[in-house]
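The values are calculated or read from the model by the stated rules, or taken from the named source; none is laboratory data. Predicted, not measured: the structure shown is a model, and the values here were computed from it. Every residue, glycine as well, gets a Cβ built from its backbone with ideal geometry; the counts of neighbours run over all protein chains shown. Note: areas computed on protein heavy atoms with side chains; ligands, DNA, RNA excluded. Shrake-Rupley method; radii C 1.70, N 1.55, O 1.52, S 1.80 Å.
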Amino acid sequence: MNLIDPLNFQAGELPLLISIPHAGTRLTPAVEAGLTDAARPLSDTDWYIPRLYDFARNIGASIVIGNYSRLVVDLNRPEDDQPLYTTATTGLFPETLFDGRPCFMPGKTPSSQERQSYLLHIWNPYHQQLQSELVRLKAKFGYALLLDAHSIASVIPRLFDGKLPDLNFGTNSGASCDSSLSKQLIECCEHQSTFSYVLNGRFKGGYITRAYGLPQNHQHAVQLELSQLNYMSETEPYSYLPERASHLQKLLQQLVNTMLAWGEHHYSR
């Protein structure tokens, strides 16, 4: 199977790695042939997240972006597919969309052999890149910061009640980063009134945050799930809304700068 370019990676000059696992829209032939009409628009994609974080690339953050759709394999789920939440969720190889509709037509699900290939050629390279870059950053700076960047529709009744806050920070209930870092991120949000926010609400961090957030090893991970209505249309064709997005980007820039300033201060003591 020819699964080329499973990711895009750019090494930076700062102790920060931004992971974007769910922005990809590439499909394998087996997945593309089996998708239901409901799944074909790839509605569960983290649309435009690389564009929102372009500023971080420009200031020198490292960035890794998955190229394949999460309907092929979900890069933010563990290899053994153990559930991360007790509430409704999707797995390593999603069978349903966030709203509960099936991803694949009856009898058209990719074979176990196909899916093992996706693990080997898509999931593994992404996590190998994450690991190697975090090792490089720690060797250079003595610590590493990981921001796992996501987005989701603001209303999905199957996953959460009501409307989602605009910014959803996850630190695995405080286990994936130093508490003073998450405190400063929330304080940054408190200085503005445009966007709502929550720490360890519905989204506490997926596999990436939980696996690589090791503060005892000077490796601090934060997941940030953005409500999509603040930068795009949540209905097809999922258009990017530059004017709305620019307001959100200003806060994202402040949050990234807060992470960097925290690291510099925390490790210079």
Could you count how many residues in segment 207-262 are closer than 16 Å to Thr171 by Cα, in a loop (DSSP other than H, G, I, E, B) and open to solvent by less than 60 Å² (accessible area, probe 1.4 Å)? 1
I need the full set of residues from segment 1-24 which are open to solvent by 30 Å² or more (accessible area, probe 1.4 Å), of a type in the set (S, T, N, Q) and either within 14 Å of the chain's Cα centre (by Cα) or under 29 Å from Asn257 (Cα atoms) (or both), in order please. Asn8, Gln10
Return the residue satisfying two criteria in turn: it lies in segment 162-179 and is open to solvent by 40 Å² or more (accessible area, probe 1.4 Å) and touching a Lys or Arg at 6+ places or on another chain (Cβ under 9 Å), and of such residues it is farthest from Glu234 (Cα to Cα). Ala175
Per-region count, segment 133-145, residues surrounded by 14 or more Cβ atoms within 10 Å (Cβ to Cβ), over 17 Å from the mean Cα position of the chain (by Cα) and in a helix (DSSP H, G or I): 4
Could you list all residues from segment 161-177 that are of a type in the set (S, T, N, Q) and in a strand (DSSP E or B)? Asn168
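This table checks each residue for (1) open to solvent by less than 70 Å² (accessible area, probe 1.4 Å); (2) in contact with an Asp or Glu (Cβ under 9 Å, 6 or more places away or on another chain); (3) in a loop (DSSP other than H, G, I, E, B).
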{"site": "Glu114", "(1), (2), (3)": "yes, no, no"}
{"site": "Ser117", "(1), (2), (3)": "yes, no, no"}
{"site": "Leu147", "(1), (2), (3)": "yes, no, no"}
{"site": "His150", "(1), (2), (3)": "yes, yes, no"}
{"site": "Leu159", "(1), (2), (3)": "yes, yes, yes"}
Between a first residue in segment 162-176 that is of a type in the set (Lys, Arg) and a second residue that is surrounded by fewer than 22 Cβ atoms within 10 Å (Cβ to Cβ), which pairs have beta carbons less than 6 Å apart while being 6 or more apart in sequence or on different chains? Lys163/Ser154; Lys163/Val155
Give the residues of segment 184-237 that are closer than 30 Å to Ala39 by Cβ and among the charged types (D, E, K, R), sorted by residue number. Arg202, Lys204, Arg210, Glu225, Glu234, Glu236
Please find, among Tyr48, Tyr53, Tyr68, the residue that is over 22 Å from Pro29 (Cα atoms), touching a residue at least 24 places away in the same chain (Cβ under 8 Å) and open to solvent by less than 30 Å² (accessible area, probe 1.4 Å). Tyr53
For Leu130, state whether it is under 22 Å from Pro50 (Cα atoms), modelled with pLDDT of 95 or more, open to solvent by less than 40 Å² (accessible area, probe 1.4 Å) and in a helix (DSSP H, G or I). yes
What are the pairs with Cβ atoms under 7 angstrom where one residue, in segment 107-120, is acidic (Asp, Glu) and the other, located anywhere, is in a helix (DSSP H, G or I)? Sequence gap at least six, or different chains. Glu114/Ala30
Taking only segment 178-198 into account, find how many residues are assigned to a helix (DSSP H, G or I) and either at pLDDT below 95 or among the aliphatic types (A, V, I, L, M) (or both). 3
Yes or no: Ile59 open to solvent by 30 Å² or more (accessible area, probe 1.4 Å), of a type in the set (Val, Ile, Thr) and touching a residue at least 12 places away in the same chain (Cβ under 8 Å)? yes
Taking segment 25-36 and keeping only residues that are in a strand (DSSP E or B) and within 19 Å of the chain's Cα centre (by Cα), one is left with Arg26
Just to be sure, is Leu75 buried (at least 21 other Cβ atoms within 10 Å of the Cβ), in a loop (DSSP other than H, G, I, E, B) and in contact with a strand residue (DSSP E or B) (Cβ under 9 Å, 6 or more places away or on another chain)? yes
Being over 22 Å from Cys177 (Cβ atoms), in contact with a Lys or Arg (Cβ under 6 Å, 6 or more places away or on another chain) and either modelled with pLDDT of 95 or more or not in a helix (DSSP H, G or I) (or both) narrows it down to one residue among Asp99, Asp80; which is it? Asp99
